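Student: Can you read through this structure? Questions will come right after.
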Amino acid sequence: MVEPQPYLTYHPLLAEVAAGSIDPRHVVVPLRRVLPDCRVMTARVTRIEHATRRVWVDAAPRGERGVPTELPYDLLVVAPGSVSRTAPIPGLAEHGMGFGSVGEAVALRNHVLEQLDLASSTRDPALRQSALTFVFVGAGYAGVGALAELEDMARYAAKGYHNLTAEDLRWVLVEATGRILPEESPELAAHTLAELRDRSVDVRLSTTLDSAVDQVMVLSDGSRFAARTLVWTAGVRPAPLLRDTDLPLDVTGRVRCLPTLQVLGPDGDPLPGVWAAGDCAAVPDPAALTAATAYCAPNAQHALAQARLLAENLAAALDSRPQTPYRPERLDCSTSLGLRRGVAHTRSGGQLTGRRAWWLHRARHLRRLPSFDRRVRVLADWVLAGLFNREVVSLGAVEHPRSEFEAGFPPQ
Ligand SMILES: Cc1cc2nc3c(=O)[nH]c(=O)nc-3n(C[C@H](O)[C@H](O)[C@H](O)COP(=O)(O)OP(=O)(O)OC[C@H]3O[C@@H](n4cnc5c(N)ncnc54)[C@H](O)[C@@H]3O)c2cc1C
């Protein structure tokens, strides 16, 4: 197993990490503990040459470049997932934050709480206004979940300030298409939209962010306002590694697969010895109704179900047994919208909202979270959060542990 992080991240619970309902360590699963019979390399694959069955692996620390070493293999599983799909918007790289890792979830939580401290302490009305304006771009699972959980947390946190109320906070959700939550049914998405608007979230549909220079947000509908928080959750693209492979890619850059998750060869037969799954794989969806949905969407449900089938098919290949095609089960999507609020689809095709949806959402993710140890810890976090007041203090200083020490040295 070659993976730059020594752990697996369970993304669907990251919004609750940002809200402080779950300890960040509990949504990650340490690979060496759950894969005791496997050699885990904390490194990045930089290139794959399946024709000669070799990968190149770089073990240099994050942000540095080492000399990749060659690793030969017999069978290969390709599952590097996806990365945030950024856009060349002026000011985005300087002022935007992503929301796809535990580090980003913790940083965003600290950042939002820091803005409340700043707004409460400054006497500059313009600074106060921009500190209390939070902009999220992209209304999929990640954007809606993160905004709803953080809005709920900040609403609670505002009660602890003598000169702030929840009504002073401005939350803006910018979405380029005409609807939110494309993964959910139109009815459930409409309910979520109504709930967000009921909470005074300013949802701008069919609108794009044109500029964020100097933390001034310029939207395509002509509006312009200052905001010190800009969260970019506008979709994903396949992992960049795939471009440095000799595997066949589709127009979106995903690895072309057969329903058996074997990578598709040039003659339409499986390419021997290589499988792919998850966000990086273009796996045909037999239930597709339109050409646009002909391949499985990048989501955790497909990724987990494909992973299980891939393991079975790989074992079958070693035993010379036939391969089984992937048949997606009916998707049972759900999103938490803060404490005791959510929306969910049931397996039978029904829809739930409010408290019942929220309980179902928690039960589902507790069942899906890999490792018994993590399930118990997350459950304990939820029980403790229910018994005590929410923790709403910013620990932003932990992100700069050397700053106090450096301040002790006289200026040069
Ligand atoms: C904030 C957020 C919330 C989400 N919420 C939901 C939800 O509620 N429901 C839902 O169904 N889906 C949700 N998703 C989507 C879901 O998390 C993904 O679809 C799923 O994680 C994909 O699984 P994967 O194994 O393909 O990729 P990942 O889980 O991303 O795993 C890929 C792994 O490959 C590693 N990797 C990448 N490049 C290399 C390389 N060059 N060398 C070695 N390793 C590499 C990465 O470090 C990563 O650990 C959410 C995603 C995010 C970001």
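The values are calculated or read from the model by the stated rules, or taken from the named source; none is laboratory data. Quick caveat, the model's predicted, so the values are computed rather than measured. Don't worry about glycine lacking a Cβ; one is built from the backbone with ideal geometry, like all the others, and counts go over all protein chains shown. Heads up: the accessible areas ignore ligands, DNA and RNA and are worked out on the full protein's heavy atoms, side chains in. Shrake-Rupley method; radii C 1.70, N 1.55, O 1.52, S 1.80 Å.
Student: Expressed as a fraction of 2.2 N^0.38 Å, the rule-of-thumb size for a compact globular protein of N residues, what is the C-alpha radius of gyration of the stretch 1-144?
Tutor: Dividing the Cα radius of gyration by 2.2 N^0.38 Å gives 1.36.
Student: Do you know the relative contact order of the chain, to the nearest whole percent, from alpha carbon pairs under 8 angstrom that are 6+ apart?
Tutor: Reported relative contact order: 18 percent.
Student: Go through Y295, Y10, Y156, Y73 and list them by solvent-accessible area, largest first, probe radius 1.4 Å.
Tutor: The ranking, largest first, comes out as Y295, Y156, Y73, Y10.
Student: Dividing the convex hull volume of the alpha carbon atoms of the stretch 208-298 by its residue count, what do you get in Å³ per residue?
Tutor: 145 Å³
Student: Now for a different question. Picking from C257, A176, T245, whose Cα lies most toward the positive end of the charge dipole for the stretch 151-300 (charges on Cβ: Lys, Arg +1; Asp, Glu -1)?
Tutor: Going by the Cα projections, it comes out as A176.
Student: While we're on this one: Given H placed on each backbone N at 1.01 Å, which residues far from R204 in sequence or on other chains put an amide H within less than 5 Å of it?
Tutor: When sequence neighbours closer than 5 places are left aside, the close amide H contacts are L173, V174, E175.
Student: Shifting gears a bit: Excluding ligands and nucleic acids, what accessible area in Å² is computed for R355 using a 1.4 Å probe, to the nearest 10?
Tutor: 140 Å²
Student: Mind grabbing the accessible area of M153 for me, 1.4 Å probe, Å², rounded to tens?
Tutor: Here the residue's solvent-accessible area equals roughly 0 Å².
Student: May I ask you to evaluate 6.51 cos²θ - 1.76 cosθ + 1.60, the Karplus curve with θ = phi - 60°, for each residue of the stretch 82-90 and list the ³J(HN,Hα) values in order in whole Hz, giving x for glycine and proline?
Tutor: For the stretch 82-90, the Karplus-derived couplings read 9, 10, 4, 8, 8, 9, x, 9, x Hz, x marking Gly and Pro.
Student: ³J(HN,Hα) across the stretch 389-403 via Karplus (A = 6.51, B = -1.76, C = 1.60, θ = phi - 60°), whole Hz, x for Gly/Pro?
Tutor: Each residue's phi maps through the Karplus curve to give 5, 5, 7, 10, 10, 7, 10, x, 4, 5, 7, 10, x, 8, 4 Hz.
Student: Could I ask something else about it? What is the angle, in °, between the Cα long axis of helix 141-158 and the longest principal axis of the Cα atoms in the chain? Nearest 10 is fine, range 0 to 90.
Tutor: Helix 141-158 and the main axis of the chain meet at about 30 degrees.
Student: May I pose another question? Please report, as a whole percent, how much of the solvent-accessible surface of the chain comes from carbon and sulfur atoms (probe radius 1.4 Å).
Tutor: 56 percent
Student: Quick one: pull the percentage of alpha-carbon pairs in the chain with a separation above 27 Å.
Tutor: 56 percent
Student: Sorting H345, H11 by accessible area (1.4 Å probe), largest first, what list results?
Tutor: If we order H345, H11 from most to least accessible, we get H11, H345.
Student: Here is a follow-up. Collect residues whose amide H, placed 1.01 Å from N in the peptide plane, falls under 5 Å from the amide H of L271; neighbours closer than 5 in sequence don't count.
Tutor: V263, L264, G265
Student: Give me the accessible area per residue for the chain, probe 1.4 Å, as a whole number in Å².
Tutor: Using a 1.4 Å probe on heavy atoms only, each residue of the chain averages 52 Å².
Student: Follow-up question, since we're still on this one. Quickly estimate the mean residue ellipticity at 222 nm for the chain, helices only: each DSSP H run with n ≥ 4 gives -39500 (n - 2.57), and the total goes over all residues, rounded to 500.
Tutor: -9500 deg cm²/dmol
Student: With the calculation restricted to Cα positions, what are the radius of gyration and Dmax of the stretch 266-412 in angstrom?
Tutor: Rg, Dmax (Cα atoms, Å): 22.6, 71.
Student: Ordering H400, H365, H95 by how much accessible area each has at a 1.4 Å probe, largest first, what is the list?
Tutor: Accessible-area ranking of H400, H365, H95, largest first: H400, H95, H365.
Student: Run the dipole for the chain about the Cα centre, Lys and Arg Cβ at +1, Asp and Glu Cβ at -1, nothing else charged, and hand back the magnitude in debye, nearest 20.
Tutor: Charge dipole of the chain: 880 debye, to the nearest 20.
Student: Something else about it: Which ³J(HN,Hα) values in Hz, rounded to whole numbers, follow from the phi angles of the stretch 171-177 under the Karplus curve 6.51 cos²θ - 1.76 cosθ + 1.60, where θ = phi - 60° and Gly and Pro get x?
Tutor: Values, residue by residue: 10, 10, 10, 10, 10, 6, 8 Hz.
Student: Something else: Where both residues lie in the chain, what percent of DSSP beta bridges are antiparallel, nearest 5?
Tutor: Roughly 60 percent of the beta bridges in the chain run antiparallel, per DSSP.
Student: When all C-alpha to C-alpha distances in the stretch 1-66 are sorted into bins of 10 Å, what percent of pairs does each bin hold, rounded to whole numbers?
Tutor: Per 10 Å bin, starting at zero, the Cα-Cα P(r) for the stretch 1-66 comes out as 19, 34, 33, 12, 2 percent.
Student: Moving to a separate point now. Over all directions, what mean area does the Cα convex hull of the stretch 93-162 project, stated in square nanometres?
Tutor: 5.2 nm²
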